[in-house]
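Please treat every number below as a calculation from the coordinates, not as lab data. Everything quoted here is computed from the prediction, not taken from an experiment. Cβ sites come from the backbone with ideal geometry, for glycine too, and all protein chains shown count toward neighbours.
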Amino acid sequence: MAHNHIDLASEFFAGNAASYDDVVRVTTLGNDHKWKKKILAHLSSPTRVLDLACGTGIVTFAIRDQFPQCELVGVDLTADYLEIAQQRAKATGHSNLTFVHSAAEHFTDDVPFDAIVSSYLAKYADIETLTANAAAMLQPGGILLMHDFTYPHNAIIAWLWERYFPVLRWMPSRNLRQWLIAFKGLPTLVRESTWVADLRTAMQQHGFTDIRTESLSMGTAAIVTASR
Ligand SMILES: C[S@@+](CC[C@H](N)C(=O)[O-])C[C@H]1O[C@@H](n2cnc3c(N)ncnc32)[C@H](O)[C@@H]1O
C-alpha cells in the first residue's frame, strides 16, 4: 500500500467514481446521509463555502440546495470524481459552483470563505498544511469543519467494526469489486489515524477558537469544528 497520503487516496479512488454515491450510502448503512445532514446543520446562511475533497459533490450540492445564493468551490484530487460533479452542475444550470482539480492541502484562494468543510478527507490529509491554509482563507468568525471515520472506543462496537470490512470484501457485486483496494486499506488507515487529535492541535496552533468534537454513530465517525 502507498505511504504518501496523496498516493494512498489516488489508489483508493482510482476507477470507482461512477459507483461512489451508491457505495457510500450502502456501505455506511445509511449513516452517510445522517452525517451530511449534521455537517449542513453547522452552516447558517453562508455566502461562500469551500468543500475540500468534494468528490462527486454530495456535500457541495446539498449546501447549494439548502443555500441557493451561496457561492461554492469544490476541490478534489481525483479527476473522475470532479467530472461527475461538473456534469451535475451543468445539468442543474447553476453558475455559482466552481470545481478545482487540486490536492486540498495545496489549494489557496484570495477571496475569503465563511466556511470550509470536508467529508472523508481528514484521515488522508496533511492536517497541518490544510489547517494553516484554512486559517488564511477564512474570514473572521468563519468555520472550519472536518468530518471523517473514527475507530470506535467501545469494545463491542470495535469488534463488530473489525468484522464489517472483511464482509464487504467478499460481496460479489461488480461495483464493490472496484472498491477492493479501498476496503482493504481503510480499516488500517482508520485504526491508526489520529486525525481528531491532530486537527484539534493544529486548530489551536493556528488561532482557531471554540474547537468542538462531535462523536457520531457510536464512535464510528466524528465532526470537528472551530471558528476562525
Ligand atoms: C470518500 S470520497 C468523499 C467525497 C465527498 N467529500 C463525500 O463526502 O461524498 C474521498 C474523496 O477525497 C478525495 N481526496 C483524498 N485525499 C485528497 C486530498 N489530499 N486532496 C483533495 N482530495 C482528496 C478523493 O479524491 C475522493 O474524491
Taking 0.36 nm per residue of separation between Arg177 and Arg25 and subtracting their Cα-Cα distance, the length gained on full extension comes to 53.1 nm
When a/c reaches 1.5 or more, the comparison of a/b and b/c decides; with that in mind, is the chain rounded, prolate or oblate per its Cα gyration tensor? oblate
Which of Leu176, Leu144 has the fewest other C-beta atoms within 10 Å, and how do the rest follow up to the most? Leu176, Leu144
For Asp51, Asp80, Asp148, what's the fewest-to-most ordering of other Cβ within 10 Å of each Cβ? Asp80, Asp148, Asp51
For a footprinting-style exposure proxy, rank Thr28, Thr150, Thr56, Thr213 by other Cβ within 10 Å, fewest first. Thr213, Thr28, Thr150, Thr56
Straight-line reach from Lys184: which lysines have Cα under 19 Å away, leaving out those fewer than 8 places along the same chain? Lys123
